[in-house]
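*Asks:* First the structure, then my questions, so here it is.
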Amino acid sequence: MVCPDVSVEAEGAEGEAGPGRRRLARAVLTGVAAVGAGLVAGSAHVPMAPRIGGGAGSRPTTPESALRALVAGNGRWRTYHERHPDQTRTVRRTLVAGQHPFAVVLGCVDSRVPPELVFDQGLGDLLTVRSAGEVLDEAVLGSIAYGVLELRIPLVVILGHQSCGAVAAAVRAAEGGPRLPGHMQYLVDQIRPAIDRGLRGAARIDAAITANVRLVRERLAAEPEMAAKVAAGALAVVGARYELTSQRVRPVR
């Protein structure tokens, strides 16, 4: 069931105030159609545990509450009201004994899109995995699986972003550009299926950024062990993209 209280920015809204500010979650909650009709099972009202530290008792424990925390954090980030949570001396000491992150974020390596800042989270809150263009390989898959299966994290977010250089390089290569040096060609080959041949120029690149997030999300959600958790309501795998111009995270359906 989708909680009506969880919401995110509408894709076209540019204002920084009003009811559109929190529309990300509801739309993002539809992003797991490949493995089930619903994203979150259970009560429509999931209370948020108080964020007083980085321990297991203070983190969100459901897909819905984890997403709510990220939505709220991005709202603070883009309106310059960051709280920089979970960075105190007490939290640092607590984390020596172990970690209890509440979300995995697979993001691009782009230096302008650090997940902890974009979502205004702190130490021990996020398990971040980054590769150029959110490309999946065995190391990335294993890292995400560790978070989901060993740390029991309830939410995986694939976070693409506006003006992704890796996607732009893949588009240029598909248009007849030279083969990229070294291991960078691997990235191009992995992103290539997201390219829409019916588009041109900047529109082709921008559409490929979004399509790439969808493809990665679908592949992750279809991994057997993750699919089982999604079907049980214990996990959500969702897609989103970060807009550099507005600092807004919006859903990728």
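Computed from the coordinates by the stated procedures, all read-outs in this text should not be read as laboratory data. It should be emphasised that the depicted structure is a prediction, and the values quoted were computed from it without experimental measurement. Note that each Cβ is placed from the backbone with ideal geometry, even for glycine, and that neighbours are counted across all protein chains shown.
*Asks:* Go through 193-202, 135-144 and give me the packing order, highest mean Cβ count within 10 Å leading.
*Replies:* Result, highest mean Cβ count within 10 Å first: 135-144, 193-202.
*Asks:* Against the 2.2 N^0.38 Å scaling, with N counting residues, where does segment 135-253 land? I'd like the Cα-based Rg ratio to two decimal places.
*Replies:* That ratio works out to 1.14.
*Asks:* Same structure again: Please give the net charge around Leu149, taking every other residue with its beta carbon less than 13 angstrom from that of Leu149, where Lys and Arg add +1 and Asp and Glu add -1. Provide the component values of the computation, followed by the final result.
*Replies:* Working: positive: Arg152, Lys229; negative: Glu150, Glu223, Glu225.
Residues close to Leu149 contribute a combined charge of -1.
*Asks:* What's the local net charge at Val109, with K and R +1, D and E -1, over the other residues with C-beta under 12 Å away?
*Replies:* With Lys, Arg at +1 and Asp, Glu at -1, the neighbours total 0.
*Asks:* In debye to the nearest 20, how big a dipole does segment 118-253 give about its Cα centre with +1 on each Lys and Arg Cβ and -1 on each Asp and Glu Cβ? Provide the component values of the computation, followed by the final result.
*Replies:* Values: 16 positive and 14 negative charges, 101 e Å.
For this selection, approximately 480 debye.
*Asks:* Let me ask something else. Count neighbours as other Cβ atoms within 10 Å of each site's Cβ, and list the chymotrypsin sites (Phe, Trp or Tyr not before Pro) in segment 80-136 that are DSSP loop with at most 12 such neighbours.
*Replies:* Tyr80
*Asks:* While we're looking at this one, here's another question. What is the P(r) of segment 61-101, as percent of Cα-Cα pairs per 10 Å bin from 0?
*Replies:* Percent of pairs per bin, in order: 25, 39, 35, 1.
*Asks:* At 0.36 nm per residue, minus the direct Cα-Cα distance, what do Leu180 and Arg192 gain on full extension? Give it in nm, one decimal, please.
*Replies:* Result for the pair: 3.0 nm of gain on full extension.
*Asks:* Rounded, prolate or oblate: pick one for segment 187-253, where a ≥ b ≥ c are the square roots of the eigenvalues of its C-alpha gyration tensor, a/c under 1.5 means rounded, and failing that, prolate if a/b is larger than b/c, else oblate.
*Replies:* Since a/c reaches 1.5 but b/c is at least a/b, the shape of segment 187-253 is classed as oblate.
*Asks:* Still on this structure, I have one more. What trypsin sites (Lys or Arg not before Pro) does segment 52-121 have in DSSP loop regions with at most 14 other beta carbons within 10 Å?
*Replies:* Arg83, Arg112
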